[in-house]
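Mind looking over this structure? Questions follow.
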């Protein structure tokens, strides 16, 4: 029986929300069900800025895609981002701190050019929004940074990461995310992507996978299992905590039982995520 305090959920899932649930079901609830605000992060904002520059870079003629061009795009893209998100200015104590932050973004862009030559690439899609319905009724959603298609028709999915490459013991989260994208593309196009590539601009590391259909079926089954756990948790109305080192970065400690807090009452409305 559904708890009178449970919040029904529309069957839709993105890789980031699935990762939230795996990290801590209560964090998922705070973000998806309660929609609690969170403080902006300078690191996340830098990632958004670098992604925007790389997206814009591929709109230009191939011969102009140089490091100098990329750096010339940084300030205009920052102005656009700051206009769209006025709260961004509050992240920096002064102009010196902002300048250091922008220099870090320049370093990441410079490292990108050490990893590949965009003059020789013509992506089919950039920042592609996907939404795919599985036979189960679950809808998968997400944004893919880049999709390359070779003359032979082979598909490569590319995901930029502005952090450093993780130790192999800790790369499961990023691998799960890019396999999530691969499942969506496979179900959308009917073709298994030939390569899934993670590019870590923080240190120039690259991780890549060449999945087969069996691996994508296994990934799809894992996604469905996560959704079933989310749905059962939502119907019960009880969202357990999962304490870890990541709690130190959580904005919701004041409401978390692990830190002496009390979550707010559950809303009764359906949430879409």
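The values are calculated or read from the model by the stated rules, or taken from the named source; none is laboratory data. The shown structure was predicted, so the numbers you read here are calculated from the model rather than taken from an experiment. Cβ coordinates were reconstructed from backbone atoms using ideal geometry, including for glycine residues, and neighbour counts include every protein chain displayed.
Just for the stretch 118-140: of the residues that are within 27 Å of residue 62 (Cβ to Cβ) and free of Cβ contacts under 8 Å to residues at least 24 places away in the same chain, which one is surrounded by the most Cβ atoms within 10 Å (Cβ to Cβ)?
Filtering the stretch 118-140 for residues that are within 27 Å of residue 62 (Cβ to Cβ) and free of Cβ contacts under 8 Å to residues at least 24 places away in the same chain, the one surrounded by the most Cβ atoms within 10 Å (Cβ to Cβ) comes out as 128.
Looking only at residues that are in a loop (DSSP other than H, G, I, E, B) and under 26 Å from residue 227 (Cβ atoms) in the stretch 151-171, which one is modelled with the lowest pLDDT? Before you say what the answer is, go through the steps one by one.
First, pick out the residues of the stretch 151-171 that are in a loop (DSSP other than H, G, I, E, B): 151-154, 162-167, 171.
The next check asks that each one be under 26 Å from residue 227 (Cβ atoms); those that pass are 166, 171.
On the way: 166: 89, 171: 84.
Step by step, filter the stretch 151-171, then rank; the result is 171.
Looking at (1) out of contact with any helix residue (DSSP H, G or I) (no Cβ under 8 Å at 6 or more places or on another chain); (2) outside any strand (DSSP E or B), find the lone condition where residue 208 falls short.
Result: residue 208 fails condition (2) only.
Residue by residue through the stretch 211-228, note down the ones that are assigned to a helix (DSSP H, G or I) and either farther than 14 Å from residue 13 by Cα or in contact with a helix residue (DSSP H, G or I) (Cβ under 7 Å, 6 or more places away or on another chain) (or both).
If we filter the stretch 211-228 for residues that are assigned to a helix (DSSP H, G or I), which is where we start, we get 213-228.
Scanning the stretch 211-228 gives 213, 214, 215, 216, 217, 218, 219, 220, 223, 226.
Which of the helices (runs of 4 or more DSSP H) contained wholly in the stretch 31-150 include at least 2 residues that are at pLDDT 95 or above and in contact with a strand residue (DSSP E or B) (Cβ under 9 Å, 6 or more places away or on another chain)?
Here the list reads 42-57, 95-115.
Filter the stretch 211-234 for residues that are surrounded by fewer than 13 Cβ atoms within 10 Å (Cβ to Cβ) and under 30 Å from residue 117 (Cβ atoms) and give the result.
212
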